[in-house]
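Trainee: One structure, as structure tokens, below. Some questions next.
The values are calculated or read from the model by the stated rules, or taken from the named source; none is laboratory data. Bear in mind the structure is a predicted one, so any value in this text is a computation, not a measurement. Methodologically, a virtual Cβ is constructed for each residue, glycine included, from the backbone with ideal geometry; neighbour enumeration extends over all protein chains shown. Surface accessibility is based on the protein's heavy atoms, side chains included, excluding ligands, DNA and RNA. Shrake-Rupley method; radii C 1.70, N 1.55, O 1.52, S 1.80 Å.
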Amino acid sequence: MASSSHEASRQGRLFGRQRPFHAVLGGRKAADILMWKDKKLSAVILVGMSTIWLLLEVVEFHFITLLSYFLIFNILFFFLWYNSAGLITWSPPCIYEVGISESTWRYLFKRLNWFMRTFFEISTGKDLKLLFMTLIGLWILSVVGASFTALNLFYITFLCMMTLPVMYEQYEYEVNYLAGKGNRDLNRLFRKLDSKFLSKIPRGPVKEKKFT
């Protein structure tokens, strides 16, 4: 009984996932930030991005002007820190510790390659349902993008990334129920479209290619 209940719970998860949501997000520092595992760091990033959006969109600073002020502030800060470290108990900053690790770049390139391969797989039309949903999603994105500036759209996306994952973790059962109901309705709609229109579209064979 317990195993069947666990299986039903697993199948009812969003997108049919079998791993915890933290692992789906990568399970690394970025996932900790999005899930607010490190509340101080998440709050600092949220306040920082909100301040940048406020200065650019509301105060109407130009991006180059804001970037110049930011660099000037950091140069003066590190200058004072480096030259006054001997007068106080602080240790001077280590230049060689500043940088982006190679593992971060490898992870970014891995994600980029995954996106390109997924885009190709969807474009082949082997999964018409996924192709149809992708086209609808891109059309909705184009409509939304025409109503907002790029900065506002980026900030709204950032706010969603910082709030929706942790809200989903808190209300996972309710979200899974509504998502499952919506998915069943969408499947019924797609079956009707497939039987009337999509199944009649001629498709040629697609050559399989293994990605390494």
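Trainee: Name the residue from Met133, Ser123, Leu151 whose Cα lies farthest towards the positive end of the charge dipole of the stretch 105-159, charges +1 on Cβ of Lys and Arg and -1 on Cβ of Asp and Glu.
Mentor: The Cα lying farthest towards the positive end belongs to Ser123.
Trainee: Note the count of lysine pairs whose C-alpha atoms are less than 28 angstrom apart in the stretch 24-138, limited to pairs 8 or more residues apart or on different chains.
Mentor: Values: Lys29/Lys37; Lys29/Lys39; Lys29/Lys40; Lys29/Lys110; Lys37/Lys110; Lys39/Lys110; Lys110/Lys126; Lys110/Lys129.
Step by step, the pairs that qualify in the stretch 24-138 add up to 8.
Trainee: Classify the stretch 48-156: rounded, prolate or oblate, from the alpha-carbon gyration tensor (a ≥ b ≥ c, eigenvalue square roots; a/c under 1.5 rounded; otherwise prolate if a/b is larger than b/c)?
Mentor: oblate
Trainee: As an exercise, use a Förster radius of 25 Å and the Cβ-Cβ distance of Lys181 and Ile140 to find the FRET efficiency, rounded to the nearest 0.05. Display every interim value, and only then the final one.
Mentor: Values: r = 20 Å, r/R0 = 0.81.
Result of the calculation: an efficiency of 0.80.
Trainee: Right, something else. Quick one: Karplus J couplings for the stretch 141-150, per residue in order, coefficients 6.51, -1.76, 1.60, θ = phi - 60°, nearest Hz, x for Gly and Pro?
Mentor: My calculation for the stretch 141-150 gives 5, 5, 5, 5, x, 6, 9, 10, 6, 4 Hz in order.
Trainee: Another question, if that's okay. Tell me, what HN-Hα J-couplings in whole Hz come from the Karplus equation 6.51 cos²θ - 1.76 cosθ + 1.60 at θ = phi - 60° for each residue of the stretch 118-126, using x for Gly and Pro?
Mentor: 5, 4, 5, 4, 5, 5, 5, x, 5
Trainee: Where in the stretch 27-99 are there GluC sites (Glu not before Pro) that are in a DSSP coil and have at most 11 other Cβ atoms within 10 angstrom of their Cβ? Before the final figure, lay out each step's value.
Mentor: Details: sites: Glu57, Glu60, Glu97; in loops: Glu60.
Answer by residue number: Glu60.
Trainee: Averaged per residue, what accessible surface does the stretch 18-155 expose to a 1.4 Å probe, in Å²?
Mentor: Solvent-accessible surface per residue comes out at 80 Å².
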